[in-house]
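Participant: Just dropping this structure here.
The values are calculated or read from the model by the stated rules, or taken from the named source; none is laboratory data. No experiment lies behind these values; they were computed from the predicted model shown. Methodologically, a virtual Cβ is constructed for each residue, glycine included, from the backbone with ideal geometry; neighbour enumeration extends over all protein chains shown. With ligands, DNA and RNA removed, areas are computed over all heavy atoms of the protein, side chains included. Shrake-Rupley method; radii C 1.70, N 1.55, O 1.52, S 1.80 Å.
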Amino acid sequence: MQAPLLFTEQKETEMSFTPHGKHLIAGEWVSGESRFTSEPAHGSAYEFSVGTVDLVNRAALAAEEAFWSYGWASREDRATFLETIADEIEARAEAITEIGSSETGLPAARLQGERGRTTGQLRLFAAHIRKGDYLDRRHDAALPDRQPLPRPDLKLLERPIGPVAVFGASNFPLAFSTAGGDTAAALAAGCPVVVKGHSAHPGTGEIIAEAVHAAIAKCGVHPGVFSLIQGGRRDVGTALVQHPLIRAVGFTGSLAGGRALFDLCAQRPEPIPFFGELGSVNPMFILPEAAKARAEALGQAWAGSLTMGAGQFCTNPGIAVVIDGPDADRLIAATKEALAKIGPQPMLTPGIAQAYQDGQARLRGRNSVKAVFESTSEGRNALPNLYETSGAEFLADHALSEEVFGPLGLVVRVGSADEMQRLALGFEGQLTATIHMDAGDTPAAQRLLPVLERKAGRVLVNGFPTGVEVADAMVHGGPYPASTNFGATSVGTLSIRRFLRPVSYQNLPEALVPADFNA
Ligand code: NAP
């Protein structure tokens with residue numbers, strides 16, 4: 001076991017969990033030859049084994065072997081396995097919060113909430129597969145006397161696709177990472193998982209992998225069903241998506257990284273689906289009656305949503321479109337006042353903090369943009385910023401519609417409802433789009449809705465998009481670049497569809513019909 005390295009600016013505190021820094025490959029904790037050091041926001045740094053292409057191969061081979069039993073296990077057995085993972089995560093609750101908060105800088109309360117979301121979604125998937133509706137069972141009974149030709153007996157069933165690669169997200173170290181939504185959906189479907197851990201929270205990944213490892217032992221599941229390869233080198237990710245035994249990829253992260261990996265998936269001799277959840281600016285359209293009635297309340301609430309978790313949410317509402325005039329002035333003033341009260345917040349990694357500062361510099365350097373509330377973020381801490389521009393400038397400059405990951409907002413003042421409509425049409429694909437409206441805004445909202453529906457995976461009225469319910473009717477996805485597959489969601493029970501494939505069984509004797517068809 002490696003001795004913990006002291007993070008220079010912090011006094012070392014006793015941790016109830018000391019990471020050993022190994023990968024989990026098919027039930028074995030494995031060290032690598034080279035090591036990288038974690039970069040916690042506070043507390044001790046630790047050394048972790050760097051992933052290798054050889055480990056990717058070992059994990060993928062084990063996952064394929066595991067699929068032959070796990071892919072045909074009963075739904076009840078898989079549901080029990082998911083619930084046992086949730087129990088094992090809860091059994092490590094305090095240590096998970098401690099290491100997660102240290103590595104990411106997210107407050108303990110956020111980590112506790114995220115843990116509940118993580119165990120909640122594992123249990124939700126257990127209940128979902130027990131019900132069995134997701135199997136989409138269809139039956140066209142044989143019509144032997146049909147003329148001119150008889151119809152065969154056809155039974156359709158959704159089947160798991162095989163080993164799935166999951167890239168843990170930096171901004172949700174629990175709910176979108178090692179045993180997060182992608183892993184839960186794949187395991188629920190019957191697919192073994194190979195996780196590429198995010199190097200921003202390797203210790204958090206390790207302790208969650210321990211929980212999955214314990215659940216595997218308790219449930220007697222094939223150990224190849226889950227592996228965690230720590231990061232540290234780019235060729236781990238590229239080898240993983242190109243491995244011939246991997247059948248699909250779940251990813252949350254940057255547009256550049258996601259696009260590079262998506263292209264690799266498409267270029268494989270046998271292309272596979274890449275379910276990437278990438279960037280989004282989540283525009284809000286503030287209609288005139290709503291602005292008139294509650295500009296101050298809207299401004300304050302926007303500032304809260306924009307700065308929650310240092311703005312590091314994929315659903316962060318980065319852009320507000322409002323009709324120019326005194327109500328817009330009131331809204332902007334209230335937002336500014338609320339933002340001024342927000343202190344510095346640590347960002348997830350030094351790289352993400354730097355990207356935030358670069359994003360701000362990109363806006364600051366433009367004549368078309370005016371500063372409303374400007375601050376200077378230092379080191380890993382982020383302070384909020386608010387800028388404004390006009391509809392014409394916004395439409396003329398694509399850079400203004402690009403995501404700045406962090407607590408930065410841009411107000412777009414438009415001249416009319418028609419201009420707002422043109423702006424909406426100009427947006428790229430989004431995870432969410434929001435309308436703020438009162439009853440008198442209904443005709444304008446009715447015009448806007450068909451446009452927003454084409455742009456976003458989720459359309460909200462009079463709310464804020466941060467906070468994504470894990471539920472049956474949730475869509476967390478959207479047209480590119482919000483995601484690389486706009487027919488899918490990465491949150492909610494519908495996300496299981498990504499890891500299923502329909503198979504039609506023709507004229508099978510009853511003894512061969514898969515048990516799921518009748519159970
Ligand atoms: P990222 O750089 O895209 O990394 C995500 C994962 O993909 C990591 O495991 C990374 O490996 C891997 N990866 C990225 N590019 C790769 C490549 N070309 N080849 C192989 N593997 C690759 O995302 P991030 O580190 O989480 O954050 C960086 C930026 O992403 C943020 O500043 C923000 O703009 C955006 N972001 C967006 C969301 C969202 O929800 N939309 C969430 C988080 C971040 P390594 O660990 O080895 O780098």
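Participant: Any residue that is out of contact with any Lys or Arg (no Cβ under 8 Å at 6 or more places or on another chain), small (G, A, S), open to solvent by less than 50 Å² (accessible area, probe 1.4 Å) and closer than 18 Å to A169 by Cβ - is there at least one of those in the stretch 36-47?
Facilitator: Yes, that holds for at least one residue.
Participant: Can you find even one residue in the stretch 201-218 that is within 11 Å of the ligand (Cβ to nearest atom), touching an Asp or Glu at 6+ places or on another chain (Cβ under 8 Å) and not hydroxyl-bearing (S, T, Y)?
Facilitator: The answer is yes, given that some residue of the stretch 201-218 is within 11 Å of the ligand (Cβ to nearest atom), touching an Asp or Glu at 6+ places or on another chain (Cβ under 8 Å) and not hydroxyl-bearing (S, T, Y).
Participant: Looking at the structure I just gave you, is G27 touching a residue at least 40 places away in the same chain (Cβ under 8 Å) and open to solvent by less than 20 Å² (accessible area, probe 1.4 Å)?
Facilitator: Against the criterion (touching a residue at least 40 places away in the same chain (Cβ under 8 Å) and open to solvent by less than 20 Å² (accessible area, probe 1.4 Å)), G27 does not qualify.
Participant: What are the residues in the stretch 262-277 that are farther than 18 Å from F499 by Cβ and assigned to a helix (DSSP H, G or I), if any?
Facilitator: Matches in the stretch 262-277: D263, L264, A266, Q267.
Participant: Quick one: which residue in E419, E393, E428 is acidic (D, E), farther than 26 Å from V475 by Cα and open to solvent by 60 Å² or more (accessible area, probe 1.4 Å)?
Facilitator: Only one candidate qualifies: E393.
Participant: Yes or no: E210 open to solvent by 30 Å² or more (accessible area, probe 1.4 Å), outside any strand (DSSP E or B) and among the charged types (D, E, K, R)?
Facilitator: yes
Participant: Looking at the stretch 233-246, which of the residues that are near the ligand (Cβ under 6 Å from one of its atoms) and surrounded by fewer than 18 Cβ atoms within 10 Å (Cβ to Cβ) is modelled with the highest pLDDT?
Facilitator: Within the stretch 233-246, the match that is modelled with the highest pLDDT is T238.
Participant: Moving on. Among the listed residues A141, A108, A186, identify the single one that is surrounded by 24 or more Cβ atoms within 10 Å (Cβ to Cβ) and either assigned by TED's automatic domain parsing to the domain that holds Q312 or aliphatic (A, V, I, L, M) (or both).
Facilitator: Residue meeting the stated conditions: A186.
Participant: How about the stretch 217-229: which of its residues are hydrophobic (A, V, I, L, M, F, W, C) and surrounded by fewer than 23 Cβ atoms within 10 Å (Cβ to Cβ)?
Facilitator: The answer is A217, C219.
Participant: May I ask you to list the residues in the stretch 281-322 that are within 16 Å of the ligand (Cβ to nearest atom) and part of a strand (DSSP E or B)?
Facilitator: Selection gives I319 alone.
Participant: Quick check: anything in the stretch 57-66 at pLDDT 95 or above and farther than 19 Å from V166 by Cα?
Facilitator: Checked the stretch 57-66: no residue is at pLDDT 95 or above and farther than 19 Å from V166 by Cα.
Participant: Looking only at the stretch 494-515, how many residues end up being in a helix (DSSP H, G or I) and over 17 Å from G162 (Cα atoms)?
Facilitator: The total comes to 5.
Participant: Among the residues of the stretch 323-342, which ones are touching a strand residue (DSSP E or B) at 6+ places or on another chain (Cβ under 9 Å) and in a loop (DSSP other than H, G, I, E, B)?
Facilitator: Result: D324, G325.
Participant: Another question, if that's okay. Given the options G116, G51, name the one that is open to solvent by less than 20 Å² (accessible area, probe 1.4 Å), assigned by TED's automatic domain parsing to the domain that holds A215 and small (G, A, S).
Facilitator: Every option except G51 fails the conditions.
Participant: Scan the stretch 120-179 for residues that are within 30 Å of P346 (Cβ to Cβ) and out of contact with any strand residue (DSSP E or B) (no Cβ under 9 Å at 6 or more places or on another chain) and report the count.
Facilitator: 6
Participant: Look at V249 and say whether it is buried (at least 24 other Cβ atoms within 10 Å of the Cβ), closer than 17 Å to A184 by Cα and either among the basic types (K, R) or away from the ligand (no atom under 15 Å from the Cβ) (or both).
Facilitator: no
Participant: Moving on to the next point. Hey, among the residues in the stretch 219-232 that are on the phi < 0 side of the Ramachandran plot and among the small types (G, A, S), which one's farthest from the ligand (Cβ to nearest atom)?
Facilitator: G224
Participant: Same structure again: Has the stretch 262-271 got any residue that is more than 8 Å from the ligand (Cβ to nearest atom), open to solvent by less than 50 Å² (accessible area, probe 1.4 Å), touching a Phe, Trp or Tyr at 6+ places or on another chain (Cβ under 7 Å) and assigned by TED's automatic domain parsing to the domain that holds S177?
Facilitator: So far as the stretch 262-271 goes, yes, one or more of its residues are more than 8 Å from the ligand (Cβ to nearest atom), open to solvent by less than 50 Å² (accessible area, probe 1.4 Å), touching a Phe, Trp or Tyr at 6+ places or on another chain (Cβ under 7 Å) and assigned by TED's automatic domain parsing to the domain that holds S177.
Participant: Something else about it: In the stretch 252-261, which residue that is part of a helix (DSSP H, G or I) and open to solvent by less than 50 Å² (accessible area, probe 1.4 Å) is nearest to the ligand (Cβ to nearest atom)?
Facilitator: Per the criteria, the residue is G257.
Participant: Can you go through V491, V475 and tell me which one is surrounded by 23 or more Cβ atoms within 10 Å (Cβ to Cβ), in a loop (DSSP other than H, G, I, E, B) and in contact with a helix residue (DSSP H, G or I) (Cβ under 9 Å, 6 or more places away or on another chain)?
Facilitator: V491
Participant: Now a separate question. Can you tell me how many residues in the stretch 323-363 are away from the ligand (no atom under 16 Å from the Cβ) and of a type outside the set (D, E, K, R)?
Facilitator: Of the residues in the stretch 323-363, 15 are away from the ligand (no atom under 16 Å from the Cβ) and of a type outside the set (D, E, K, R).
Participant: Condition (residue is surrounded by fewer than 24 Cβ atoms within 10 Å (Cβ to Cβ), of a type outside the set (D, E) and within 21 Å of the chain's Cα centre (by Cα)) applied to the stretch 320-342: is it met by at least one residue?
Facilitator: Taking every residue of the stretch 320-342 in turn, none turns out to be surrounded by fewer than 24 Cβ atoms within 10 Å (Cβ to Cβ), of a type outside the set (D, E) and within 21 Å of the chain's Cα centre (by Cα).
Participant: What pairs come up if the first residue lies in the stretch 295-315 and is acidic (D, E), the second is more than 16 Å from the ligand (Cβ to nearest atom), and their beta carbons are under 7 Å apart, counting only those six or more places apart or on different chains?
Facilitator: Here the result reads E296/R330; E296/A334, each pair linking the stretch 295-315 to a residue that is more than 16 Å from the ligand (Cβ to nearest atom).
Participant: Exactly one of (1) open to solvent by 10 Å² or more (accessible area, probe 1.4 Å); (2) part of a helix (DSSP H, G or I) is unmet by G205. Its number?
Facilitator: Among (1) open to solvent by 10 Å² or more (accessible area, probe 1.4 Å); (2) part of a helix (DSSP H, G or I), the lone unmet condition for G205 is (1).
Each row is one residue, and each column tells you yes or no for (1) closer than 19 Å to G299 by Cβ; (2) modelled with pLDDT under 95.
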position: G318; (1), (2): yes, no
position: V322; (1), (2): yes, no
position: E337; (1), (2): yes, no
position: I342; (1), (2): yes, no
position: Q357; (1), (2): no, no
position: R364; (1), (2): no, yes
position: A371; (1), (2): yes, no
